[in-house]
1. Out of segment 142-181, which residues are part of a loop (DSSP other than H, G, I, E, B), open to solvent by 60 Å² or more (accessible area, probe 1.4 Å) and farther than 15 Å from residue 99 by Cβ?
2. Just a yes or no: is a residue in segment 117-129 of a type in the set (A, V, I, L, M, F, W, C), part of a loop (DSSP other than H, G, I, E, B) and closer than 29 Å to residue 52 by Cα?
3. Just name the residue that is least open to solvent (accessible area, probe 1.4 Å) out of those in segment 94-111 that are more than 30 Å from residue 30 (Cβ to Cβ) and of a type in the set (A, V, I, L, M, F, W, C).
4. Taking only pairs six or more apart or across chains, which ones have beta-carbon atoms under 7 Å, a first residue in segment 124-137 that is over 17 Å from residue 103 (Cβ atoms) and open to solvent by 90 Å² or more (accessible area, probe 1.4 Å), and a second residue that is among the acidic types (Asp, Glu) and in a helix (DSSP H, G or I)?
5. Only residues in segment 8-22 that are free of Cβ contacts under 8 Å to residues at least 12 places away in the same chain and at negative phi count as the first member; pair them with residues that are assigned to a strand (DSSP E or B) and open to solvent by 50 Å² or more (accessible area, probe 1.4 Å), Cβ under 8 angstrom, at least 6 apart or cross-chain, and list the lot.
6. Can you name the residue in segment 92-126 that is among the hydrophobic types (A, V, I, L, M, F, W, C) and touching a Lys or Arg at 6+ places or on another chain (Cβ under 8 Å) and is also farthest from residue 156 (Cα to Cα) among such residues?
7. So in segment 76-103, with the set limited to residues that are in a loop (DSSP other than H, G, I, E, B) and without any contact (Cβ under 8 Å) to a residue 40 or more places away in the chain, which one is nearest to residue 32 (Cα to Cα)?
8. If residue 53 satisfies every condition in (1) farther than 26 Å from residue 163 by Cα; (2) under 20 Å from the mean Cα position of the chain (by Cα) but one, which is the exception?
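The values are calculated or read from the model by the stated rules, or taken from the named source; none is laboratory data. Model, not experiment: these values are computed from the prediction. Neighbour counts run over all protein chains shown; Cβ positions are idealised from the backbone, glycine included. Just so you know, the surface numbers come from the protein's heavy atoms only, side chains and all, with ligands and any DNA or RNA stripped out. Shrake-Rupley method; radii C 1.70, N 1.55, O 1.52, S 1.80 Å.
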Amino acid sequence: PKTWADLADPKYKGMIGISGSPSVTAHWTAIMVREYGPDILKKMVMQNLKVYNISSRALANLTVSGEVPISARASNAHFIESKKNGASVGWIVPGPVAVTDSVAAITSKAPHPNSMMLLIDFLLTKEAQLMYQELGYDSARLDMKSPDTPTQKVYFSQEPSFFEDYERWTQLFHETFTQKR
């Protein structure tokens, strides 16, 4: 499959797995419904989507081993790292991708705030971001974009209704894919 909608193609029936992590399921559900409407979930039910109560990285490992042919909503970093280590896998950009913000902050009563400021300054350097990229993650720097960096990123956590939406998307996934029928 090359797009999120391609996952609904009957030829992929029984081949798709997704991490049952609430953040994974909420973000995936939101992307699917926003891009293709609620009917896409009915089509995905017909695909016998298998929910694994494991992390995205653990699910990526099952894909690398061949146990789960298609891992929906898996991190590009997991597959980039596996491919560097010789795995015969790939990661495609299926359309909009939910991304998680990473932050570094200094607490208001830090015992050594200047040391923390130095650490944060270092984390944003090219040297530190190269280390981050070596782990397979995208750099925060605009001058260090990877060809595997998704072009359509959705930062759900920055939306004003994030908490309400998160609960709604999680519940919709649960009702659609994990509740006994």
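1. From segment 142-181, those part of a loop (DSSP other than H, G, I, E, B) are 145-152, 155, 159-161, 179-181; that's our starting set.
Checking the rest, the ones that are also open to solvent by 60 Å² or more (accessible area, probe 1.4 Å) come to 145, 147, 151-152, 155, 160, 179-181.
147, 160, 179, 180, 181, listed by residue number.
2. Step one: filter segment 117-129 for residues of a type in the set (A, V, I, L, M, F, W, C), giving 117-120, 122-124, 128.
Filter again for part of a loop (DSSP other than H, G, I, E, B), leaving 124.
Next, only the ones that are closer than 29 Å to residue 52 by Cα stay: none.
No - not one qualifying residue is present in segment 117-129.
3. Taking the candidates together, the pick is 110.
4. Once the first residue is over 17 Å from residue 103 (Cβ atoms) and open to solvent by 90 Å² or more (accessible area, probe 1.4 Å) and sits in segment 124-137, its partners that are among the acidic types (Asp, Glu) and in a helix (DSSP H, G or I) give 135/81.
5. none
6. Just the residues of segment 92-126 that are among the hydrophobic types (A, V, I, L, M, F, W, C), to begin with: 92-93, 97-99, 103-106, 110, 116-120, 122-124.
Subsequent filtering for residues that are touching a Lys or Arg at 6+ places or on another chain (Cβ under 8 Å) retains 92, 97-99, 124.
Values: 92: 21, 97: 10, 98: 7, 99: 8, 124: 23 Å.
The selected residue is 124.
7. Taking the candidates together, the pick is 90.
8. Evaluating residue 53 over (1) farther than 26 Å from residue 163 by Cα; (2) under 20 Å from the mean Cα position of the chain (by Cα) leaves (1) as the failure.
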